[in-house]
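These notes are about the structure you will find just below.
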Amino acid sequence: MRILNLNARQYHLLTQVALWLLAIIVVSGAAVRLSGSGLGCSDWPNCEPGLLVPAADFHAWVEFGNRLVTGLVSIAVVLAVLGSLRRVPTSASLTRWSLGLVVGVAAQIALGAITVLTHLSPPIVMGHFLLSMVLIWNAVVLEEIARPQRTVSKKLSLHKTLRFHAHAVGLGAAVVIVTGTVVTAAGPHGGDEHVARLDFSFPDVARIHGSAVVLLLVLVISLFLRTRHTEADLFRGRATIVLITTLGQAAIGYTQYFTQLPVLLVGCHIAGATLLWMATIRLVLASGRHQVKVV
């Protein structure tokens, strides 16, 4: 029966697979919308009434391909739960966080069905993306606490203001993501040319989103400058990653706005938003890293 058990390293690898599959499905979902394939399948769970697999149609296969990725994600999160029960030593916190993924993916599947049945209603699409970000947060925390103990950084007490600063960056990133979904819902890429968009002025919501990005940049740059001389190597390294990711996202965002939102750049911006969110969560966790280790 020992073959059914997982050591800490093996389980950590399993959580990494689940995390990256969740990140991939964000990008594949964006590909559905950006390619105008949001209604490529008009029914759910069948692609068409009485037809599970789509016919030879590009948009249908793009949408159906995203559903297949959802299946892979579902398998990964179920394995994460089962793996937490077979990990040696076991950990109740790992089981709880892995169960959170199962609940989240189930909610995503239900919301995905509602998205199709409501013909890509912008608020539902926004909720679909934001729920994905919640799932990414859950998966990052699970992967972090599943790290083998030998990789845990030494216990260093960060100054309280640094911890507050890191949490402010996390809050700023959340605001950027939420305002970004509003921009998307008011923009031209709705997933189908006949889908209604939010009745907001696109330039106005874009300016609000841009202002949130500028505020985040100020928070990140100032945090990076404050961490240059800290002994907490893990925290400093993650602050550097957040800085690089934020600068890259800002560059892509402003470029896409002034080039009339080309599909490829919009896709890169969504992928970058996912990476930025992951990096920011890791930064916040690093601010209290010694408090989340698994024995």
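Details
- Within region 276-293, the set of residues being surrounded by fewer than 19 Cβ atoms within 10 Å (Cβ to Cβ) and either of a type in the set (A, V, I, L, M) or at pLDDT 90 or above (or both) comprises 292 only.
- Among the residues examined, residue 94 does not qualify as outside the structural domain of residue 181 (by TED's automatic domain parsing), out of contact with any Pro (no Cβ under 6 Å at 6 or more places or on another chain), part of a loop (DSSP other than H, G, I, E, B) and buried (at least 17 other Cβ atoms within 10 Å of the Cβ).
- Residue check for residue 212: part of a helix (DSSP H, G or I), small (Gly, Ala, Ser), touching a Ser or Thr at 6+ places or on another chain (Cβ under 6 Å) and at pLDDT 90 or above: yes
- Looking only at region 241-273, and only at residues there that are among the hydroxyl-bearing types (Ser, Thr, Tyr) and surrounded by 15 or more Cβ atoms within 10 Å (Cβ to Cβ), the one that is farthest from residue 165 (Cα to Cα): 257
- Some residue of region 3-22 being in contact with a Pro (Cβ under 9 Å, 6 or more places away or on another chain), within 28 Å of residue 141 (Cα to Cα) and of a type in the set (S, T, N, Q): yes
- Among the residues listed as 61, 44, the single one being more than 22 Å from the chain's Cα centre (by Cα), surrounded by 15 or more Cβ atoms within 10 Å (Cβ to Cβ) and in a helix (DSSP H, G or I): 61
- Leading residue by the ranking (nearest to the chain's Cα centre (by Cα)) among those in region 99-113 that are surrounded by 14 or more Cβ atoms within 10 Å (Cβ to Cβ) and of a type in the set (Val, Ile, Thr): 105
- Residues that are farther than 25 Å from residue 35 by Cβ and out of contact with any Lys or Arg (no Cβ under 9 Å at 6 or more places or on another chain) within region 234-266 comprise 237, 240, 243, 244, 245, 246, 247, 250, listed in sequence order.
- Within region 215-235, being more than 30 Å from residue 123 (Cβ to Cβ), in contact with a His (Cβ under 9 Å, 6 or more places away or on another chain) and not in a loop (DSSP other than H, G, I, E, B) holds for 222, 223, 226.
- Residue satisfying all of: in region 114-152; part of a helix (DSSP H, G or I) and of a type in the set (Gly, Ala, Ser); surrounded by the most Cβ atoms within 10 Å (Cβ to Cβ) among these: 139
- Assessment of region 114-121 against the conditions (assigned by TED's automatic domain parsing to the domain that holds residue 16 and in contact with a Cys (Cβ under 9 Å, 6 or more places away or on another chain)) yields at least one matching residue.
- Single unsatisfied condition, residue 222 versus (1) surrounded by 14 or more Cβ atoms within 10 Å (Cβ to Cβ); (2) at pLDDT 85 or above; (3) among the small types (Gly, Ala, Ser): (1)
The values are calculated or read from the model by the stated rules, or taken from the named source; none is laboratory data. Computed from a prediction, not measured in an experiment: that's the story for all the values here. Glycine also receives a Cβ, built like all others from the backbone with ideal geometry; neighbour counts cover every protein chain displayed.
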